[in-house]
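The values are calculated or read from the model by the stated rules, or taken from the named source; none is laboratory data. A quick note: this is a predicted structure, and the numbers were derived from the prediction, not measured. With ideal geometry, Cβ positions are generated from the backbone for all residues, glycine too; neighbour counts draw on all protein chains shown. What goes into the accessible areas is simple: the full protein's heavy atoms, side chains included, and nothing from ligands, DNA or RNA. Shrake-Rupley method; radii C 1.70, N 1.55, O 1.52, S 1.80 Å.
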Amino acid sequence: MSKIVNEPKNTFPLFVKVREQLEHRALWLYLLVDEARKHGLADDAFAADAVKRCGLYQGAEIVGKSGTKSLKGLKKVLFTKSAQIVFEMKVVECTDDKLSIDFHYCPLVKAWQKQGCTDEEISRLCDLAMCGDRGIGEAHGVELDLPKTIARGDDCCAIRYVRRGGASAPRSDMR
């Protein structure tokens, strides 16, 4: 029996449609990894690197759009109000050097649940998907900590981008 609880509270039809698009992205990842396994390939051989490469690309675009490596810029560009509603996010903290967000719903996990994945498979797929978020962080000069994830059975995904080593981002007026 699955220990993962992942049900949205906001079921407004437009947000359901957006979530379905995100589920489709998660389905791609699952099917690619599943087919790799069927062909005798280890998903580690490509999936983590490919997803991180996508995150690095997206992160560079976000830095370009925001004009800063400040995490306030990342929040403004990526974690918009609509994204906050779709993922049922709560922004816990946002400074130039730290961005803490709790996600209370994950459409990717929902897609993997619909495919009948085990909790272990869901956790592994989540780890692969988070390589993109790690790439986004790297593009901003920060690291990503994940003290909690829905995919591991936690009540939320606690996303924590942190700039370490005292190097501060260029200051910005973004809130």
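Of the residues 135, 47, 30, the one whose Cα sits farthest toward the positive end of the charge dipole of the chain, with +1 on the Cβ of Lys and Arg and -1 on the Cβ of Asp and Glu, is 135. Shown in residue order for the stretch 8-20 are the 3J(HN,Hα) couplings computed by the Karplus curve 6.51 cos²θ - 1.76 cosθ + 1.60 at θ = phi - 60°: x, 8, 8, 10, 4, x, 5, 6, 4, 5, 5, 4, 4 Hz (x for Gly and Pro). Under a 5 Å amide H cut-off, with hydrogens placed 1.01 Å from N, residue 92 pairs with 100, 101, 102 among residues at least 5 apart or on other chains. Would any residue of the stretch 17-41 have its amide N under 18 Å from a label point 7 Å out along Cα→Cβ of residue 115? List them or say none. Residues 19-41 fall inside that zone. Averaged per residue, the chain has 55 square angstrom of accessible surface, using a 1.4 angstrom probe with ligands and nucleic acids left out. Between amide H atoms placed 1.01 Å from N, distances below 5 Å from residue 148 occur with 158, all of them 5 or more places distant or on a separate chain. A Gaussian network model of the chain, with springs between Cα atoms under 10 Å, assigns the largest mean-square fluctuation among 153, 135, 40 to 40. Here the 3J(HN,Hα) profile of the stretch 157-162, calculated from phi with Karplus coefficients 6.51, -1.76 and 1.60 at θ = phi - 60°, is 9, 9, 8, 10, 8, 9 Hz, Gly and Pro shown as x.
Comparing 53, 164, 152 in a Gaussian network model of the chain where C-alpha atoms under 10 Å apart are linked, the largest mean-square fluctuation is found at 164. Net charge of the neighbourhood of residue 54, taken over other residues with C-beta under 14 Å away and scored Lys/Arg +1, Asp/Glu -1, is 0. Computing Rg/Rh (Cα atoms, Kirkwood Rh) directly from the structure and comparing it against [x] 0.97; [y] 0.93; [z] 1.03 singles out [x]. How far is the Cα center of the stretch 1-51 from the Cα center of the stretch 94-127, in Å? Here the answer is 9 Å between Cα centres. Counting only DSSP H runs of at least 4 residues, each contributing -39500 (n - 2.57), and dividing by the residue count of the chain, the helix-based mean residue ellipticity at 222 nm comes to -16500 deg cm²/dmol.
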